[in-house]
Amino acid sequence: MDRDPPMGSSGLGRRLRDATALQVSTLVVTLLGLFVVSTGMGYIQIPPAAVLKIIWGEISGSPAPFAGINEIFPVVVMDVRLPRILTAALVGGGLAMCGVVFQGILLNPLADPYTLGVSAGAAFGAALAILMNMAALGLFSVPLFAFLGAAATLGAVIYLSAGSGGLSSNNLILSGIIVAAILSAGISFLKYVADEQVAVIIFWLMGSFASKTWGDVGLTGACVAAGASVFWYFARELNLMSLGNQMASSLGVDTRRVTLILLAAASVVAAVCVSVAGIIGFVGLLVPHIMRLLSGPDNRRLVPLSFLAGALLLLGADTLTRAVLPVEIPIGVLTALIGGPFFCYVFRRQSAGRAW
Amino acid sequence: MSFELQEVRFSFNGKKVVDGVSIALAPGKFYGVIGPNGCGKTTMVDLLCRFRSPQHGRILYGGKTLGLYSKRHLAREIALVPQNFYINFPFRVRDVVMMGRYPYIPRFGRPSARDADLVAAVMESTDVAGMSERLVTELSGGERQRVVFARALAQDTPMLILDEATSNLDIGHAMQLLDLAARRVSRESGTVLAVFQDINQAAAYCDHLIFMSRGRIAAHGDTREVLTPAAIREVFAVDARVYHDDFSHALHVVYRR
């Protein structure tokens, strides 16, 4: 097993793997660089060297690195900027990774984490919590309701599509559209009866990373990490399932079980992302699409690459709205404004000429 | 290993699609299934490769109930070339053929030298080696079917199930692939079960024919014995003449409109 296949394609196979290694390392380095640069940017400018010193000081626990640094800097870095930056990166990576999985299961390169109505469910839950002014569970009540809404939606979608013919992609997509349509009518109704609360609901729906805490980082990080391991474990099955359920089954995949596990894992990750950050579109659609252009459709490469690229993209967008633009635009609006036209461009180029 | 079906039944929404099928399939034979559209051929195939489970009756493989095998084990025993195949993602041809080796490769492992050799040999023999680097999404229907056939051969199983696997192919490629399947039967005493639309193609390749009609087996047996005008009349309601053709060394069927 440890020697390379001596076949004619082995040179190319190796080049491809090397290219993947190169792509992964490029993305990792860029992401780390962006972490540092982005942390320095904002109303209070902090030089990158100081950022690194502060982070090192926090990790090592020794006071030496803080010498000669403005004493407000560590507070800004550790309590304000890093939690927001890490949450943005994790949500971006999580959504992109979920996009890969949803596209794979639904056999549709245009699916995204929201295709099955997860976002509509989360939005309904959040709107309900805001409307009822629920503070029973403290700061977490809106995210909690968003999560419950998303989970209930997924349950309903699976229940609807599990009839005859099993969990086929057509059944899932159709059920998702129906449930999402009902829920968005529900959201409209909640907005209608909300009176002055309507602004809060709308603002939440547009998404934001403002005032994220280390608690958010921990929650998102844990769910995204758990999701990533599930996706990575089943990446090969996902490859086979892109040949259709019957063929995947004849190649040894328990398609129903794998579909359920992946759907559940991807929906939990998507629901957590939405509940932490609101509805952020296009990352889960655009990133897997572009990474598939660059690196091919093998999910074993696509999952990690999309995670990194998604993290990079959303962190970049959040930095743009937080520190570069004169006014902070809601992140969900920004990603749709940039991502939409870009997606049109990619899609048009693809349908016009060479496929990938 | 042998297949044994005992009184197998399967219905969709109350409609009996497979209605009491009993038959034994022995190793070293090429079986052909023929019958009109909607007679339950494809459902039979789904049952044999355990994509569906029988609602009544039993399917034994090597004396053991099919449902008791692990999926992965079964994938090393039975390979399928489906009727329709569509793929939305731009895998390369060699990647798709290599997927036939997945049941042998550990989850996080790389293909071994043997896997690579086998894939290369199969791609050569199915005439897809020339499009090894092409994207499967850009192939024509017939080319795609050859790739899927190659993938099933790469699975290297004792049992091969073909569900109208040559329906989109030109006669040259169809015969090339059926010859490969027949070689599995004669040299490695494998079993092939193939669903055919073209009765003449079935007659040329199959040792044993199974006529299906309305979910049941109407007749089955040695090709020379069961391929008769009476059987064709019963199953397809068509007037036919069956004769031995000296050029093809096989039975030949002609029809009257």
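Annotations for the structure displayed:
- Considering only A:Ile59, A:Cys344, A:Ser161, the residue lying farthest towards the positive end of the dipole of the protein assembly as shown is A:Ser161, judged by Cα position with unit charges set on Cβ.
- Within a straight-line Cα-Cα reach of under 15 Å, B:Lys64 can be paired with the following aspartates and glutamates, leaving aside sequence neighbours fewer than 8 residues apart in one chain: B:Glu4, B:Glu77.
- Averaged over the residues of peptide A:296-305, the number of Cβ atoms from other protein chains lying within 10 Å of each residue's Cβ is 2.
- Members of the range A:223-240 that become less accessible by 50 Å² or more once partner protein chains are added (1.4 angstrom probe, chain alone as reference): A:Tyr233, A:Arg236
- Spatial extent of the range A:62-151: Rg and Dmax, with the Cα atoms as the point set, Å: 19.0, 56
- Per residue convex hull volume, Cα atoms of the protein assembly as shown, in Å³: 192 Å³
- When chain A is treated as a GNM with alpha-carbon contacts under 10 Å, the residue of A:Ala123, A:Ala323, A:Ala265 showing the greatest mean-square fluctuation is A:Ala323.
- Within straight-line reach of B:Lys41, meaning a Cα separation under 21 Å, sit the following lysines at least 8 residues removed in sequence or on another chain: B:Lys15, B:Lys16, B:Lys29.
- Summing Cβ point charges (Lys, Arg +1; Asp, Glu -1) relative to the Cα centre of chain A gives a dipole of roughly 900 debye.
- Separation of alpha-carbon centers, the range B:21-45 and the range A:229-248, rounded to whole Å: 29 Å
- Accessible surface buried at the B:A interface totals approximately 3700 Å², computed with a 1.4 Å probe on protein heavy atoms.
- Per residue, the range B:91-156 exposes 33 Å² of solvent-accessible protein surface, assessed with a 1.4 angstrom probe and all protein chains in place.
- The H on the amide N of B:Leu227, modeled in the peptide plane, is under 5 Å from the matching H of no residue at least 5 residues off or on a different chain.
- Rounded FRET efficiency, nearest 0.05, which uses the C-beta distance separating B:Ala113 from A:Val24 and R0 of 41 Å: 0.95
- Computed [θ] at 222 nm, helices only, for chain A once each DSSP H run of length n ≥ 4 contributes -39500 (n - 2.57): -23500 deg cm²/dmol
- B:Ile210 contributes an accessible area of around 10 Å² to the protein surface, as traced by a 1.4 Å probe with all chains present.
- Share of carbon and sulfur in the accessible area of the protein assembly as shown stands at 61%, probe radius 1.4 Å.
- Taking Cα centre as origin and charging only the Cβ of basic (Lys, Arg, +1) and acidic (Asp, Glu, -1) residues, the dipole magnitude of the protein assembly as shown rounds to 380 debye.
- Shielding by partners, peptide B:130-138 (average Cβ within 10 angstrom, other chains): 2
- CD proxy at 222 nm, helix term only [per DSSP H run n ≥ 4: -39500 (n - 2.57); per residue of chain B; nearest 500]: -9000 deg cm²/dmol
- Positive-end residue, the range A:183-283 charge dipole about Cα centroid, Cβ charges, pick of A:Asn245, A:Trp214, A:Ala277: A:Asn245
- Under-5 Å amide H pairs with A:Gly281, H placed in peptide plane, nonlocal only: A:Ala336
- Reach of A:Lys191 by Cα under 26 Å, taken over lysines that are not fewer than 8 positions away in the same chain: A:Lys212
- Taking θ as phi - 60° and the Karplus parameters 6.51, -1.76 and 1.60, the scalar couplings of the range B:204-220 work out to 6, 10, 8, 7, 9, 10, 10, 8, 10, 8, 6, x, 10, 8, 7, 7, 8 Hz in sequence order, x denoting glycine and proline.
- Convex hull of Cα atoms in the range B:91-156, direction-averaged projection (nm²): 4.1 nm²
- Think of each Lys and Arg Cβ as +1 and each Asp and Glu Cβ as -1; about the Cα centre, that makes the dipole of the range B:91-156 roughly 260 debye.
- Amide H partners (placed H, <5 Å) of B:Leu25, local residues excluded: B:Phe3, B:Glu4, B:Leu5
- Packing, as the average of other Cβ atoms within 10 Å across residues, places the peptides A:84-95, A:37-48, B:239-250, A:308-319 in the order A:84-95, A:308-319, A:37-48, B:239-250, highest first.
- To the nearest 10, the accessible area of B:His73 is 80 Å² with a 1.4 Å probe.
- Note: chain A, Cα convex hull, 172 Å³ per residue.
- Relative contact order (percent, whole number), the range B:72-149, Cα cutoff 8 Å, 6+ residue spacing: 44 percent
- Cβ neighbours within 10 Å from other chains - mean over B:107-117: 5
- Antiparallel bridge percentage (DSSP; both residues within the protein assembly as shown; nearest 5): 65 percent
- Applying D = kT/(6 pi eta Rh) to chain B, where Rh is the Kirkwood radius over alpha-carbon pairs, T corresponds to 10 °C and eta to 1.306 mPa s, the Stokes-Einstein value obtained is 83 µm²/s.
- Since only B:Val122, B:Ser112, B:Leu135 are under comparison, the one whose Cα sits farthest along the positive direction of the charge dipole of the range B:91-156, derived from C-beta charges on Lys, Arg, Asp and Glu, is B:Ser112.
- Residue order by solvent-accessible surface for B:Met1, A:Met97 is B:Met1, A:Met97, largest first, with ligands and nucleic acids left out and a 1.4 Å probe.
- Here r is the Cβ-Cβ distance between A:Val200 and A:Phe342 and R0 is 41 Å; the resulting FRET efficiency, rounded to 0.05, is 0.85.
The values are calculated or read from the model by the stated rules, or taken from the named source; none is laboratory data. Just so you know, these numbers come straight off a predicted model, no measurement behind them. Cβ: placed from backbone, ideal geometry, glycine included. Neighbour counts: every protein chain shown. The protein model used for the area step is the full one, side chains on, heavy atoms only, and it has no ligands, DNA or RNA in it. Shrake-Rupley method; radii C 1.70, N 1.55, O 1.52, S 1.80 Å.
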